[in-house]
1. What accessible area, in Å² to the nearest ten, does a 1.4 Å probe give for residue 95?
2. Provide the FRET efficiency to the nearest 0.05 for the residue 142-residue 173 pair, computing r from the beta carbons and using R0 = 22 Å.
3. Find, among the trypsin sites (Lys or Arg not before Pro) in the stretch 94-125, those assigned to loop by DSSP (not H, G, I, E, B) with at most 15 other beta-carbon atoms within 10 angstrom.
4. When the dipole is taken about the Cα centre of the stretch 32-185, and only Lys, Arg (+1) and Asp, Glu (-1) are charged at their Cβ, what size is it in debye, to the nearest 20?
5. First compute the accessible area of the stretch 74-154 with a 1.4 Å probe, then give the percent of it belonging to carbon and sulfur atoms.
6. Within a Cβ distance under 12 Å of residue 44, other residues only, what is the Lys/Arg minus Asp/Glu net charge?
7. Filter the chymotrypsin sites (Phe, Trp or Tyr not before Pro) in the stretch 69-176 down to the DSSP loop ones having no more than 14 other Cβ atoms within 10 Å, then list what survives.
8. Suppose accessible area is computed on protein heavy atoms with a 1.4 Å probe; arrange 96, 52 from highest to lowest.
Amino acid sequence: MLLSTAVLVFFYPLGDRMPTSIARTEEEIRAIYAEIDAQTDRGAPIIAAAIVDDLLTAALKRRLILTTRLEERIFNYDTGGVASEYVARIDLAYLVGLFGDHIADDLRLIGKIRNRFAHRFEPIDFNDEKIANWCNTLHFKMAGRNPRDRYLIAFTRITTVLLVLKNITDMKIPNIAKQSELAKELDGVSLTAD
């Protein structure tokens, strides 16, 4: 449980009362990290990437203004929805302001690391040259650790951010049509040439 404790201290180093959204996630955090800590080098990043992808999708859905039909169309893999693939969801989440460059970069690296582990037949671990280099490139890591630890620390921090975003109740993008002053201005705009 070192990882989950480290993350909670990372986000609330002064011991202030945690917001409800973070307090609700503590149990989820502990369960996720216990699962990942118990995995092999190959299993940990495959399961971790699936967890990150699910949390990313949940946070993104929380941010967007979606109807059931639109959600199905955008996120459905079988119909080629615009947010049906992992990298597209990262880009969309970045575009709507869920997070900045560092988290977006690290999410892409988590995907690359997952794919390297998932698509190799030969035995592979975090000391693989490409994987170790990617782990060294992660923004959210602690220096001086081995590649697996750097990966797990980055995963822990990103997962915590995504859990908090998933649990925030009021983070929808404002609907311009429902903002009375702006809606009035837009109604007065002529779309034809004078």
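The values are calculated or read from the model by the stated rules, or taken from the named source; none is laboratory data. Nothing here was measured: the structure is a model prediction, and the numbers come from that model. Here the Cβ positions follow ideal geometry from the backbone for every residue, glycine too, while neighbour counts run over all protein chains shown. Surface areas here come from the heavy atoms of the whole protein model, side chains and all, with no ligands, DNA or RNA. Shrake-Rupley method; radii C 1.70, N 1.55, O 1.52, S 1.80 Å.
1. Its accessible surface works out to 140 Å², give or take rounding.
2. It comes to 0.05.
3. Passing both the DSSP loop test and the Cβ count: 120.
4. Dipole of the stretch 32-185, to the nearest 20 debye: 220 debye.
5. Using a 1.4 Å probe with all protein chains present, the stretch 74-154 comes out at 51 percent carbon and sulfur.
6. Surrounding charge for residue 44 is -2.
7. On the way: sites: 75, 77, 86, 94, 99, 117, 121, 126, 134, 140, 151, 155; in loops: 77, 99, 121, 126, 140.
Those satisfying the criteria are 77, 121.
8. From most accessible down to least: 96, 52.
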